[in-house]
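To start, the structure under review is shown below, and the notes come after it.
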Amino acid sequence: MTEAVFRLSQQRRVVTELPGPRSAALAARRAAAVPAAVASSAPVYVADADGGVIVDVDGNSLIDLGSGIAVTGVGASNPAVVAAVAEQAAHFTHTCFMVTPYEGYVRVAEGLAALTPGTHTKRTALFNSGAEAVENAVKVARLATGRTMVVAFDHAYHGRTNLTMALTAKNMPYKQNFGPFAPAIYRMPMSYPYRDHLPGPEAAQRAIEQIERQLGAGSVATIVIEPIQGEGGFIVPAPGFLPALARWATAQGVVFIADEVQTGFARTGTWFACEDEGIVPDIIAMAKGIAGGMPLAAITGRAELMDAVHTGGLGGTFGGNPVACAAALAAIEVMRSLDLPARAREIEALVLDRLETWAAELDVVGDIRGRGAMLAVELVRPGSADPAPEVANAVAAQALSEGVIVLTCGSYGNVLRLLPPLVITDELLTDGLDVLERALRAYGSRD
C-alpha cells in the first residue's frame, strides 16, 4: 500500500469571515445569472481543492467532510487522475461511442465486470449520472422480464429525472410540483432500525407481504434499493433485511437492482456496500466515486439481462465519454494502490469512536450509524426521538463558520452526514471532528 501525495497543505485555515468578500461578490453575480432553484450547501466559492481540503477564492482552507457528495474519494485533484485526463484530452475529448467507439469504454466495462460482486458473465453500459444509471437499469429489468411494476422503498433517493423522481421518496425539494411522474412504481417500508426496531428478516417479510398482497409477485419487474440509503439519512437496514429481499427476488424472477451510486467504490469499507452481506445484485448502478470527479455512471448486470435489450436500446451522446473513462481507470487504480477500502474502515474506527462518545454524552444525538467512510449522526429533540432539523442546520452552519464543510440529509432533514475523502489524513479528520463536537455541545449534554 502506497501513501497519498498532496499538492496543497492539509490544514484548516480561516482568514476571513465565511463567506469572504470574493465569495460574496460571486454570490451577487450568481444571483443575477443562476436560478435560485439551483442551491448550494456552502456559500463559499472554490479556487482549489486537494486531498481533504477545499481552498476558497478568499484564501480560506476548509476541511471537506462531503467529498462533493461522495464523489472525490481519491481527492479532488488526484495527480494520477489529472494526468490521465490531460493525456486523453490531448488526443480526443469526444467521438460518441455509438458512432466511433474507443478502447477506454471497453476497458472500463471489463474492469467493472471484474470488480462488481459475482462471478457470472456480465455486461456494462456507461452513462453520465447516477439518475441515468438507475433509469436505464429499470429499463433493462422491464424489457428483460416483460413486467412493468417497480418496487422502491421509503426514504429512498434515486435521482431527479422523471422516473427517478418517482422512485425517490422525499417530496421537498425533489418532487414538489414536478409531476405527474412515471407510473407503475410502488413504495414499500424500509428497514430503519432506529425508528422501527424490527429485526432484518422481520422487516423484510413485512415488505414482501405488502408486495405480494398489493402487486402480486408475478407482476413485479424489479426491486430497486440502496444497500445503505444516502439522501434518506444514511439508513443502514438491519442485518438480514437485504439478503431476505434478494432471495425472494431470485425465487420470483424479480430483478434485484442495487443502487450503489453513493455507496460504491470503497466508500463503505468494501468495493460495494452489498458485499457486506454477500449480496450479488442482478444489476448494480454506479456513479459518483467512479471517476475521481469526472461525470461517469454505469450499470453492470447479468449478461442475459443486458443482452435482452435490442440493438440501440441503450446509450446516449456523452455516455462513457473518453476523458471520463480515462479518469475512471486512473481512479480505480488509485483505490487499489492505496487500498482505499481498508482506509475507509480505518476512518470508520476513528470516527465512530468519537460519535459513540457524543451519543453517550449529548441528548441531542439520537442515533449514530453507517459503515466505512459513510457515517451519520441523527439529531433529535432532547428526551424524544422527534427529529431536530433545526439543530442539524445550525451545527452545519457553525462548522462552516469555523472552516469545516459538513452536509445534512434525511427524510426529516435532521441528519449530519460524514463523507470525507478516503485520502483524508487522520490529523485533518480529527480537527474536523473537534469543530463538529464544539458545535454539538452547544446544544447540551446528558445529565
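A few remarks follow.
- A simple packing score, the average count of other Cβ atoms within 10 Å per residue, orders the peptides 125-137, 408-420, 143-155 as 125-137, 408-420, 143-155, with the highest score first.
- Value of D in µm² per second that Stokes-Einstein yields for the stretch 182-311, Kirkwood Rh from Cα pairs, at 25 °C (0.890 mPa s): 158 µm²/s
- Among 370-381, 188-199, sorting by the average number of other beta carbon atoms lying within 10 angstrom of each residue, highest first, gives 370-381, 188-199.
- Selection from Gly293, Thr121, Gly75 lying farthest towards where the dipole of the chain points positive, charges on Cβ: Thr121
- For Trp358, net neighbour charge (Lys/Arg +1, Asp/Glu -1) across residues whose Cβ lies under 9 Å away: -1
- Square roots of five times the Cα gyration tensor eigenvalues for the stretch 81-337, Å: 30, 19, 17
- Candidate lysines - alpha carbon under 28 Å from Lys175, same-chain residues fewer than 8 apart omitted: Lys139, Lys288
- Rg over Rh [alpha-carbon atoms, Kirkwood Rh] for the stretch 286-379: 1.16
- Legend: translational diffusion of the stretch 63-131 by Stokes-Einstein, Rh = Kirkwood radius over C-alpha pairs, 4 °C, 1.567 mPa s; D = 88 µm²/s.
- Radius ratio Rg over Rh of the stretch 1-159, counting only Cα atoms, Kirkwood formula for Rh: 1.04
- Volume per residue of the C-alpha convex hull in the stretch 357-407, rounded to whole Å³: 88 Å³
- Most to least packed among 212-220, 307-315 [average Cβ atoms within 10 Å]: 212-220, 307-315
- Length gained when the stretch Arg22-Asp386 is fully extended (0.36 nm per residue, less Cα-Cα span): 127.1 nm
- Semi-axes of the equivalent ellipsoid of the stretch 137-179 are 22, 10, 8 Å, computed as sqrt(5λ) over the eigenvalues of the C-alpha gyration tensor in descending order.
- The alpha carbons of the stretch 144-211 give a radius of gyration and a Dmax of 13.5, 38 Å, in that order.
- Three semi-axes describe the equivalent ellipsoid of the stretch 325-447; taken as square roots of 5 times the Cα gyration tensor eigenvalues and ordered largest first, they are 29, 14, 13 Å.
- Here the chain is treated with +1 on each Lys and Arg Cβ and -1 on each Asp and Glu Cβ, and its dipole about the Cα centre works out to around 1180 debye.
- Taking every alpha-carbon pair under 8 Å whose residues sit at least 6 apart, the chain reaches a relative contact order of 22 percent.
- Once the chain from Gln214 to Arg29 is taken as fully extended at 0.36 nm per residue, the excess over their C-alpha distance is 61.5 nm.
- Normalised by residue number, the volume inside the convex hull of the Cα atoms of the chain is 145 Å³ per residue.
Read-outs: derived from the displayed coordinates by stated rules, not from any lab. All figures in this text were calculated on a predicted structure; none of them were measured in a lab. All Cβ positions, glycine included, derive from the backbone under ideal geometry; neighbour counts span all protein chains shown.
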